[in-house]
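> Submitted below is the structure of interest, expressed as structure tokens.
All of the numbers you see were taken from the coordinates with simple rules; none came from a lab. This one's a predicted model, so the numbers in the text were calculated from it and none came from an experiment. All Cβ positions, even for glycine, are placed from backbone atoms using ideal geometry, and neighbour counts span all protein chains on display.
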Ligand SMILES: C[C@@](CO)(OP(=O)(O)O)[C@H](O)COP(=O)(O)OP(=O)(O)OC[C@H]1O[C@@H](n2ccc(N)nc2=O)[C@H](O)[C@@H]1O
Ligand SMILES: Nc1ncnc2c1ncn2[C@@H]1O[C@H](COP(=O)(O)OP(=O)(O)O)[C@@H](O)[C@H]1O
């Protein structure tokens, strides 16, 4: 049974403008250097307290919900850190738009936004540094979402997040191939490729920032995973070609895939491209990059009514 208060909020996706993979570390993760930005494409989350003796997780996609799942681990960690939560149980209803395993960080965004909301409503008093520490324990992409910076440079395994200024304002077209990509698999494939060549050194973060001009963002577009993913899924290459032919100035993959992003010159063109893709039976949508983190509305819904 639900308590009367439902907290509803959005959980935005990210895109990687730039992603380079460095050395594999002792802990099995890789050092990366990435430039990420939030995009205006989101899941909606309802958070509530339940008087059942267990947490409840519902989602319109099949996602893991057990103790070992991301949310299971988040709740466990919070109860460990805050014993006053031991007898409180949480309900989460996720209405997903962001396809799982699409390189858009949907799961990481969900966890980060639930953590932030719990910190706020339960007055857990976790400072920023602690929030990042908790996030990094759960997943490499989560710290970016926890900071709330709309545009940032990411390093370490993902836990070092430095905000960047002048977030680019772009219209984008997202193409969703029918299959998602398992991030673990993509990193494993990367390792196999590197053993043939040599692991690359990443540019130092400071040097990268000093040379970086956000108004020329398209110059920096790069993704180390692209070659590998196109090798295993050659059909993705045809989406890239199609987006280029339809007038996108740059086309690239986000994260470990599978979403392919095209930069459209304006909104009208973005809408037309999506229409044309639909006629070809290709699943896509247009969106924009996010410039400020003021878009996460703090809506408290009383009695479950939707006032959004
Ligand atoms: C590739 C990126 C780029 O932003 O994003 P996605 O495509 O997943 O969105 C991230 O590095 C993914 O972050 P995330 O999806 O949170 O990965 P995690 O759950 O922490 O890790 C999944 C697996 O990926 C590998 N992994 C992840 C991050 C990293 N820096 N090095 C790794 O080697 C590890 O094998 C790990 O077991
Ligand atoms: N709330 C969630 N939303 C989406 N996927 C989830 C969620 N919780 C756990 N997962 C699992 O996380 C993986 C996908 O993570 P996601 O962030 O959607 O993709 P990506 O890492 O490619 O950006 C899948 O294995 C999925 O089962």
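> Between residue 268 and residue 5, what is 0.36 nm times their sequence separation minus the Cα-Cα distance? Round to one decimal in nm.
90.6 nm
> Quick one: work out Rg over Rh on the C-alpha atoms of region 2-166, Rh as Kirkwood radius.
Taking Rg over the Kirkwood Rh, I get 0.96.
> What number does region 127-172 give for Rg over Rh if you use C-alpha atoms and the Kirkwood radius?
1.02
> For region 146-194 and region 38-52, compute the distance between their C-alpha centroids and round to whole Å.
So the separation of the two Cα centres works out to 22 Å.
> Nearest 10 degrees, 0 to 90: what angle lies between the long axis of helix 234-245 and the longest principal axis of the chain (Cα atoms)?
Its long axis makes an angle of about 70 degrees.
> Can you work out the FRET efficiency for the pair residue 185 and residue 68, with r the C-beta to C-beta distance and R0 = 22 Å, to the nearest 0.05?
0.75
> First check a/c for region 199-257, with a ≥ b ≥ c the square roots of the eigenvalues of its C-alpha gyration tensor; if it is under 1.5, answer rounded, and if not, answer prolate when a/b is larger than b/c or oblate otherwise.
It is oblate, given that a/c is not under 1.5 and a/b is not larger than b/c.
> Something else now. Just order 229-241, 8-20 by mean Cβ neighbour count inside 10 Å, highest at the front, would you?
Averaged packing, sorted descending, gives the order 8-20, 229-241.
> Here's another thing I want to ask about it. Taking the Cα-to-Cβ direction at residue 276 and at residue 200 and moving 7 Å from each Cα, how far apart do the two end points lie in nm?
My value for the distance between the label points is 3.1 nm.
> Something else: Relative contact order for the chain: what is it in percent, counting Cα pairs under 8 Å that are at least 6 residues apart?
Relative contact order of the chain: 26 percent.
> From the convex hull of the Cα coordinates of the chain, what is the mean projected area in square nanometres?
It is 16.6 nm².
> Can you tell me the 0 to 90 degree angle between the C-alpha axis of helix 267-279 and the longest principal axis of the chain, rounded to 10?
The answer is roughly 90 degrees.
> Computed over the Cα atoms, what is the radius of gyration of region 171-271 divided by 2.2 N^0.38 Å, N being its residue count?
1.20
> Using r as the Cβ-Cβ distance of residue 211 and residue 166, and R0 as 25 Å, what FRET efficiency do you calculate, to the nearest 0.05?
E(calc), rounded to 0.05, equals 0.95.
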